[in-house]
1. Looking at (1) of a type in the set (Ser, Thr, Tyr); (2) not assigned by TED's automatic domain parsing to the domain that holds ARG208; (3) not in a loop (DSSP other than H, G, I, E, B), which is the only condition THR103 fails?
2. Scanning the stretch 1-26 for residues that are β-branched (Val, Ile, Thr) and farther than 17 Å from ARG37 by Cβ, which turns out surrounded by the fewest Cβ atoms within 10 Å (Cβ to Cβ)?
3. Out of the stretch 88-128, which residues are in contact with a strand residue (DSSP E or B) (Cβ under 6 Å, 6 or more places away or on another chain) and small (Gly, Ala, Ser)?
4. Being closer than 20 Å to GLN33 by Cα, charged (D, E, K, R) and at pLDDT 95 or above: is that true of GLU121 here?
5. Filter the stretch 260-289 down to the residues that are more than 30 Å from the chain's Cα centre (by Cα) and within 18 Å of HIS313 (Cα to Cα) and list them by number.
6. What tally of residues in the stretch 218-231 results from selecting those that are more than 11 Å from ILE198 (Cβ to Cβ) and either assigned to a helix (DSSP H, G or I) or in contact (Cβ under 8 Å) with a residue 12 or more places away in the chain (or both)?
7. What residue, among those in the stretch 63-118 that are within 16 Å of PHE211 (Cα to Cα) and touching a Ser or Thr at 6+ places or on another chain (Cβ under 7 Å), is modelled with the lowest pLDDT?
8. Which one of the conditions (1) part of a strand (DSSP E or B); (2) of a type outside the set (Gly, Ala, Ser); (3) under 30 Å from SER81 (Cα atoms) does PHE213 fail to meet, given that it meets all the rest?
Amino acid sequence: MLIAKYHQGLLNTVEQTTQQLLALQNNTFFCPQCGKRVILKIGTKITPHFAHQSKRCTGFTEGESAIHLLGKQQLYKWLQSFGYVELEPLLPALMQRPDILVTIKDQQYAIEFQCSPISVEQLTRRTEGYQQQNIIPIWLFLTPPLPQRMTKYPLKKMYKAGMQFTTQHIPFLMFYHPHTQKFTYLTNILALYGKQHIVKPQYITLNRQQFPFFIPSPLSTLDEQTYTTIFMKAKQQYLQNEWRFGKRHNNILFLSCYTLRISLFELPEYIGVPTAWQSVLPFPVVWQSALHATAKLNDQTIYDVELEPFLQHFTNHIPIAMQEMTRYLSRLNTEHNKKLTDYLQ
């Protein structure tokens, strides 16, 4: 950590030169949260910081990496030109310490620069805590190896839990790397199946970034064409994998195709189109084929199927799933006149 208590108050290592810190090193320092003794560490290869002397602090992540400390230092200094900035402040109502807290007018933003794995439960708990205090949480992840172009890409659960959304409810992720001082966005993220998603990478350097952070732009016409091509290839790959490796017994997709009297590869284009950027339903080809099969079994049109009992076979998030289903039904008749991304609006 970069902040500690001592007899003169709080010491922020980022605001001090190495010489100033060396002159203060013999003081006794304490963790602002748990009150335990911490040691000021000053080296040549790592940002000066404090570390707990004995047991790990219950409210602060110990063992921070050099790259995490460097990133916090860079972001803290950069953010000072945009508003009132606090480094590792203790929020008593939450007993949480965001890496950085930014206040602009009456709005606070908690910046979390996450460089190590964290459970979805812990990330969600911290996010919800900030939101309950009317603090906007912003998760910045350390940039991993990422694609250089729009493509299919596997996303970790941690990343999915830290997604942000544009005003059009389009999900995106933000990454930062202190060595390049560059932000990488993964934008227009569309869930496919398993960990696979369609993503579009975009980049901006620290000195060109703004705060609040730039919101990614929507897809261009050319991007939409590429996007559709990637999705259709993923759909065919999914069907091929099901054909080769899927279990035939009690498989909804195979049962639906049997009811419809068509093979897996003869499904019409209107079965298997996305209806949400982040769906609570399985891959579209599964539930949409099941919808058509249910209607046929009951001698109904798909518009007559009772949606709530049908959706309960796939998800517990019924209100959200109902929105997806309604969007699909309302656009089905004009499917051939719609772009793939139109289904997601």
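The values are calculated or read from the model by the stated rules, or taken from the named source; none is laboratory data. It should be emphasised that the depicted structure is a prediction, and the values quoted were computed from it without experimental measurement. Here the Cβ is made from the backbone with ideal geometry for all residues, glycine too, and neighbour counts use every protein chain on show.
1. Only one criterion is unmet by THR103, namely (2).
2. In the first step, residues of the stretch 1-26 are kept if they are β-branched (Val, Ile, Thr); the result is 3, 13-14, 17-18.
Remaining after also requiring farther than 17 Å from ARG37 by Cβ: 14, 17-18.
Numbers: VAL14: 17, THR17: 9, THR18: 12.
Only one residue fits best here, namely THR17.
3. Residue satisfying the conditions is ALA110 alone.
4. no
5. none
6. Filtering the stretch 218-231 for residues more than 11 Å from ILE198 (Cβ to Cβ) gives 218, 220-222, 224-225.
Filter once more, so that each one left must be either assigned to a helix (DSSP H, G or I) or in contact (Cβ under 8 Å) with a residue 12 or more places away in the chain (or both): 218, 221-222, 224-225.
Count: 5.
7. Restricting to residues being within 16 Å of PHE211 (Cα to Cα) and touching a Ser or Thr at 6+ places or on another chain (Cβ under 7 Å), the top hit is GLY83.
8. (1)
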